[in-house]
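Enquirer: Let me give you the structure first, and then I'll get to my questions.
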Amino acid sequence: MNLDLMHWLRPWEFSPSLILMFLASAILFVRGTAVHKVSKARQWLFWIGFVILYLSLHTHVDYYAERMFFIHRIQHVVLHHLGPLIVMAAYPGQVMRAGLPLKARVWLKNFRKTAAGGLLEGILTNKILVPLVFVLLVLVWLLPTIQFYSMLDWKLYRFMNWSVVISGFLYWNLILDRRPSNPPALTAKTWLGRFGQRMVKGGSPAVMSPGTRILSPVLTMLPQMVAGAYIAFTSVDLYPLFDLCGRALPMSALQDQSIGGLTMWIPAALVETFGLMVALGNMMRLSAKGRLRSTFRGKEIGRLPAANTARPV
């Protein structure tokens with residue numbers, strides 16, 4: 001049994017850079033928990049997400065993902081949806097920043113105030129671009145020709161996996177944001193200037209409104225479900241590559257493909273639904289505290305009133 005476990009945990013392709021990135025993330029989080037008070041629940045969420053991402057990226061799972069389409073799809077559900085969702089549900093950003101050395105924290109703070117820093121943060125938190133890239137990366141890597149080359153070229157394969165992980169972190173960072181938003185009025189300011197002004201003057205850091213955070217998973221879920229249904233029910237072998245490489249399990253191409261399509265269709269949708277429910281809970285919490293803002297034609301008209309919790313006399 002121990003030999004079998006070690007066989008599964010042994011990396012299929014050893015990656016020193018990946019090991020360094022995981023070690024650096026773990027050290028930053030541990031150092032940050034010594035500065036900030038982080039609840040046990042948040043710590044558990046971080047480490048659970050951390051472990052399942054590592055197991056999906058740097059173990060013998062990779063061998064089977066390269067030789068079975070449905071295992072490859074399960075791997076991407078974890079890398080793109082489940083792992084980043086669990087990690088970001090721990091809200092590790094502030095904790096990991098606190099774990100940085102003082103000089104690094106000062107540099108990061110000053111960089112965010114620059115035009116380049118404002119532009120970079122604006123891109124990485126854009127409420128249209130990030131969800132669009134999130135769903136496109138699922139669909140683009142599924143195109144048969146792109147899938148063929150990405151599974152044969154190890155550099156492209158690693159780029160594919162890291163691209164879905166990073167897009168997952170960026171997306172769930174927006175959706176799980178617990179803060180209220182303050183939608184900017186439409187002005188003649190440039191896109192860069194608007195983001196720079198938001199960060200320098202201390203505007204509300206929440207990019208998406210609470211309602212948009214609930215709607216976004218629905219919009220990103222639908223194309224994935226349609227693609228998954230098509231792959232599951234088509235009678236054409238879309239990915240002969242897996243026969244070419246030799247399937248790791250005794251299964252026909254169409255069976256493998258059908259299970260892979262269902263994996264995209266159902267488990268991925270369930271993960272996004274869970275994220276939607278978390279976003280809904282955050283909106284209800286903000287509403288109860290009277291921290292939701294109402295706008296009309298781009299102009300703020302005040303906060304929504306908090307629920308009246310006073311007992312009747």
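What follows is calculated from the coordinates using simple rules that are stated; it is not laboratory data. Since the structure is predicted, the reported quantities are computational estimates derived from the model, not experimental observations. When we count neighbours, we look across all protein chains shown, and the Cβ atoms used for this are built from the backbone with ideal geometry, even at glycine.
Enquirer: How would you rank 104-110, 41-47, 273-279, highest first, on the average number of other Cβ atoms within 10 Å across their residues?
Expert: Highest to lowest by the protection proxy: 273-279, 41-47, 104-110.
Enquirer: Using the charge dipole of segment 24-128 (Lys, Arg: +1 at Cβ; Asp, Glu: -1 at Cβ; taken about the Cα centre), state which of LEU45, GLN75, GLY118 has its Cα farthest towards the positive end.
Expert: Most positive-ward Cα: GLY118.
Enquirer: Roughly speaking, what is the stretch gain from LEU270 to LEU222, that is 0.36 nm per residue apart minus the C-alpha to C-alpha distance, in nm to one decimal?
Expert: Length gained between LEU270 and LEU222: 16.1 nm.
Enquirer: With the crude spin-label approximation of a point 7 Å out along Cα→Cβ, what separation in nm comes out for TYR91 versus THR59?
Expert: Taking the two extended label points, one gets 3.0 nm.
Enquirer: Can I ask one more? For every other residue with a beta carbon closer than 11 angstrom to the beta carbon of ALA89, add +1 if it is Lys or Arg and -1 if Asp or Glu, then tell me the sum.
Expert: Neighbour charge sum, excluding ALA89 itself: +2.
Enquirer: Here is a further query. If I model a spin label as a point 7 Å beyond the Cα along the Cα-Cβ vector, how far apart are those points for VAL51 and LEU129 in nm?
Expert: Going from the VAL51 label point to the LEU129 one covers 3.6 nm.
Enquirer: Still on this structure, please answer the following. Run down the aspartates and glutamates and flag those whose C-alpha is under 19 Å from the C-alpha of LYS109, throwing out any fewer than 8 positions away in its chain.
Expert: GLU121
Enquirer: Taking H placed 1.01 Å from N in the peptide plane, check which residues at least 5 places from SER181 or on another chain put their amide H under 5 Å from its amide H.
Expert: Result for SER181 returns ARG293.
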